[in-house]
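The values are calculated or read from the model by the stated rules, or taken from the named source; none is laboratory data. Here the structure is a predicted model, which is why all the values come from computation and not from measurement. Every residue, glycine as well, gets a Cβ built from its backbone with ideal geometry; the counts of neighbours run over all protein chains shown. These area figures cover heavy atoms from the full protein model, side chains too; ligands, DNA and RNA do not enter into them. Shrake-Rupley method; radii C 1.70, N 1.55, O 1.52, S 1.80 Å.
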Amino acid sequence: MKKITIAIDGFSSCGKSTMAKDLAKEIGYIYVDTGAMYRSVTLYALRHNLFNADGSIREEELKAQMKNINISFQLNKTTGKPDTFLNGENVEKDIRSMEVSSHVSPIAALPFVRAALVAQQQRMGAGKGIVMDGRDIGTVVFPDAELKIFVTASAEVRAQRRYDELKAKGMEANFNDILKNVEERDYIDSHRATSPLHKAPDAIELDNSNLTIAQQQQWLYEQYRKVAE
Ligand code: DC
C-alpha cells in the first residue's frame, strides 16, 4: 500500500473525528483533529480573559500571545486515541465544553490564528501517512491530498450525536441549545472570509445521516484501499 494523505472535512458534529480516528488506528496512520487545535486556542483565550463582555475578542493581545500557545497530541493508552495537550496540560475534556463550543467559531475566523495552526498542521503531515480532519484540510492545508472526503449530515442528526456524546461523558446538555449552536457554527464556518468551509472539487461527498458507524467505517476503508493500492 502507498503511504498517502487523507483529508476529511465537513460540518461540526457530523462524525468526522470518529471515522478519521478509527481509520487511522486501523491502517497505522497518525490522526490529527484540527478542530481540537482551534478549541485549544479558544480555551487559552477564555482562561486569559481575551474575550470582552460582549463576546468580541481582544485580537491584539491574542496575537501577541500566540507564541505562548503550544498544542500537541499524545496517544492515550486506555482509549487508544490521541488526547490534546495545551502547554503540557491534558485539555481533552475541557475543550469539548459548551463554553468552548460557543466561543470557537470567531477564534477560528481570525487569519493570524489560522495561519499559525495551518503551518503546524502542514509540518505534522509533511511525511504523509496521516488522517487529518477539519474544515479546510482538502482545500487549504493539503490541497494535494490523495484522498479527500467531505462529510455531511442534517443539523438535527448532528445535534443529537453531540447531545449523546456529552451525556455519555456525564456532562450537562440541552438538545435545543446544542442544535442552535450547531446551526450558528455552520453559518459562521461557511461564511467567514478566511478559508470558509466548502467542498474541494475533487472531494468525495458522504452523507452519513442514515449510516451506522460500522457502515461508514467500511465505506471509508474502501475509499482508502482504492487510492492506496
Ligand atoms: O470540528 P470541531 O467542532 O471540533 O471544530 C471546532 C471549530 O473549529 C469549528 O467551529 C470550526 C473550527 N475549525 C476550523 O475552522 N478549521 C478546521 N480545520 C477545524 C475546525
Item to check | Above-threshold pairs, the threshold being 26 Å between Cα atoms, out of K63/K199; K81/K180; K2/K93; K199/K226; K16/K67; K16/K167 | outcome: K63/K199; K81/K180; K2/K93; K16/K67
Checklist entry - Ignoring ligands, DNA and RNA, what accessible area per residue does region 52-129 give at 1.4 Å, in Å²? => result 54
Item to check | Average silhouette area of region 141-200, convex hull of alpha-carbon atoms, in square nanometres | outcome: 5.3
Item to check | Carbon/sulfur fraction of accessible area - the chain, other protein chains in place, 1.4 Å, % | outcome: 51
Next on the checklist: Quick one: the Cα spread of region 69-114 along its three principal axes, in angstroms, biggest first?
Outcome noted: 34, 22, 15
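Please work out the Cα convex hull volume for region 1-82 and give it in Å³ per residue. The partial results should precede the final answer.
Working: hull volume 11.7 nm³, N = 82.
Dividing the Cα hull volume of region 1-82 by its residues yields 142 Å³.
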Next on the checklist: If I take the Cα coordinates of region 50-151 and project them onto the principal axes, what are the three extents in Å, biggest first?
Outcome noted: 43, 34, 28
Item to check | Mean projected area in nm² (Cα convex hull; one quarter of hull surface) for the chain | outcome: 12.2
Checklist entry - Counting other Cβ atoms within 10 Å of each Cβ, which chymotrypsin sites (Phe, Trp or Tyr not before Pro) in region 20-110 have at most 16 and sit in a DSSP loop? => result none
